[in-house]
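Notes follow once the structure below has been shown.
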Amino acid sequence: MKVASISNDQASMVWNSLNDHGSYEGIGELVFDYIGDDAEVSFSDLDLFDLADELSAIRLSYLTDSRKSSGGAIDSEIVEPIHKYLTAAGLTPMQLSHLGFWRWFSNIACNHVFWHFIKWRYGSDIQQNWGITSQGSIIEVYFYRAWLRGHKMFDKGLSDPYHYAKLGSSDVWRSHVLRQEFGRDKEFVRAFLDTIYDKNGKTVIGTDELRKKLIPALRAWSSNSTFSHLSYNENLELIQILRKDGA
């Protein structure tokens, strides 16, 4: 299946029109690039209706809450449907690593329903959330980040295959997992999350200790070492030692 891809300029044009006027009338005039074999069928809005419905239901369930206080819960809740539906449609990790796809998804797909979801979630004009940025900053794209959490941490051996993908606050994932070298290793991330949160998902290590002690110790240790050969239990032991004694 091939997927649509649009440029920064195209996405920005659509974003500005939606933000300023609430609509965009030029969809039929946009020329899309495609990622995938030209002979393949195109991924389209028809493949996204169930996902759009599920995200709309999530949005409705938080209408009476402050997005500032509930933001982390919202961001965790969208991980499973984003990853599940895009994977079930047959889209590949290679395709889903292209920023152009996420620009199309976030600004155009399903009559802009995903654009409105991001606007509701943040209430801001930071266009990076919608994919209007460079490939090097793709980690700042809201729905890409949700998919990546699912892609990295899905584990069919667990009773909830998305347990680790959904565990943790937005800030922990954005700043302390996805932006860090050690965040690339699945066993390390599992041990890291199990250190920060208890079995009920409650925070064990506060923000101050995390930022001022544990993360600096992990960075210092990983600058001369690697986690890739360590098991989950070995990573857990290492993190506990670094938490206590530093690097």
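Computed from the coordinates by the stated procedures, all read-outs in this text should not be read as laboratory data. The shown structure was predicted, so the numbers you read here are calculated from the model rather than taken from an experiment. Cβ: placed from backbone, ideal geometry, glycine included. Neighbour counts: every protein chain shown.
Among W15, I27, S44, whose Cα projects farthest towards the positive end of the dipole of the range 1-70, with charges put on the beta-carbon of Lys, Arg (+1) and Asp, Glu (-1)?
Farthest towards the positive end: W15.
Taking only the alpha carbons of the range 121-181, what extent do you get along each of the three principal axes, in Å, biggest first?
Extents along the principal axes, in whole Å: 39, 26, 17.
Provide Rg over Rh for the range 193-247; use the alpha carbon set for both Rg and the Kirkwood Rh (inverse mean inverse pair distance).
When Rh is taken as the Kirkwood radius, the ratio is 0.97.
Report the net charge of residues surrounding S61, where surrounding means a beta-carbon distance below 12 angstrom and charges are Lys +1, Arg +1, Asp -1, Glu -1.
-2
To the nearest 20 Debye, how big is the dipole of the chain about its Cα centre, given +1 on the beta carbon of each Lys and Arg and -1 on that of each Asp and Glu?
1040 debye
In the range 34-190, with Lys and Arg counted as +1 and Asp and Glu as -1 at Cβ, which of these residues, S134, G72, T87, has the Cα nearest the positive end of the dipole, that is, farthest along it?
Farthest along the dipole direction, towards plus: G72.
Using the number of other C-beta atoms within 10 angstrom as an exposure proxy, rank K244, K152 with the fewest first.
Ranked by crowding around the Cβ, least crowded first: K244, K152.
Of S225, T203, S175, which is farthest along the charge dipole of the range 147-247 in the positive direction, counting Lys and Arg as +1 and Asp and Glu as -1 at C-beta?
Result: S175, furthest along the dipole toward the positive end.
Most fluctuating residue of V141, V204, V177 in a GNM of the chain with Cα springs under 10 Å: which is it?
Looking only at V141, V204, V177, the biggest GNM fluctuation is shown by V204.
Using the 10 angstrom Cβ neighbour count as an exposure proxy, how do D194, D65, D9 rank, fewest first?
By the 10 Å Cβ count, ascending: D9, D65, D194.
Taking the convex hull of the alpha carbon atoms in the range 119-247, what volume per residue do you get, in Å³?
130 Å³
Once the Cα atoms of the range 55-198 are picked out, what are the Rg and Dmax in Å?
Just the Cα atoms of the range 55-198 yield Rg and Dmax of 14.7, 42 Å.
Given charges of +1 on the Cβ of Lys and Arg and -1 on the Cβ of Asp and Glu, with all other atoms neutral, how large is the dipole of the range 1-144 about its Cα centre, in debye to the nearest 20?
Charge dipole, the range 1-144, about its Cα centre: 460 debye, nearest 20.
Net charge near T207: determine it from the other residues with C-beta under 15 Å of the C-beta of T207, scoring Lys and Arg +1 and Asp and Glu -1.
Computed value for this residue: +3.
Please state the charge dipole magnitude for the range 46-92, taken about the Cα centre, from unit charges on C-beta atoms (+1 on K and R, -1 on D and E), reported in debye and rounded to the nearest 20.
I would put it at about 200 debye.
Return the Rg/Rh value of the range 71-117, two decimal places, where both radii are evaluated on C-alpha atoms and Rh is the Kirkwood radius.
0.98
So what are the range 1-136's ellipsoid semi-axes, whole angstrom, largest first, if each one is the square root of 5 times an eigenvalue of the alpha-carbon gyration tensor?
Computed over the range 1-136, the values are 24, 19, 13 Å.
Let me know the whole percent of all Cα-Cα pairs from the range 143-207 that are separated by more than 18 Å.
28 percent
Along the range 163-178, what does the Karplus equation 6.51 cos²θ - 1.76 cosθ + 1.60 (θ = phi - 60°) give for ³J(HN,Hα), rounded to whole Hz, x for Gly and Pro?
3, 6, 5, 8, 6, x, 6, 4, 5, 4, 5, 5, 8, 10, 10, 5
Taking neighbour counts of Cβ atoms within 10 Å as a proxy for exposure, in what order, fewest first, do H83, H112 appear?
Ordered from fewest to most neighbouring Cβ atoms within 10 Å, H83, H112 come out as H112, H83.
Give me the number: length gained by fully extending N16 to K202, i.e. 0.36 nm times residue separation minus the C-alpha to C-alpha distance, one decimal in nm.
Here the answer is 63.0 nm.
Determine Rg/Rh for the chain; Rg is computed over alpha-carbon atoms and Rh is the Kirkwood hydrodynamic estimate from the same atoms.
Rg/Rh: 0.99.
Peptides 208-219, 27-38: what's the order by average Cβ count within 10 Å, highest mean first?
Sorting 208-219, 27-38 by mean packing, highest first, produces 208-219, 27-38.
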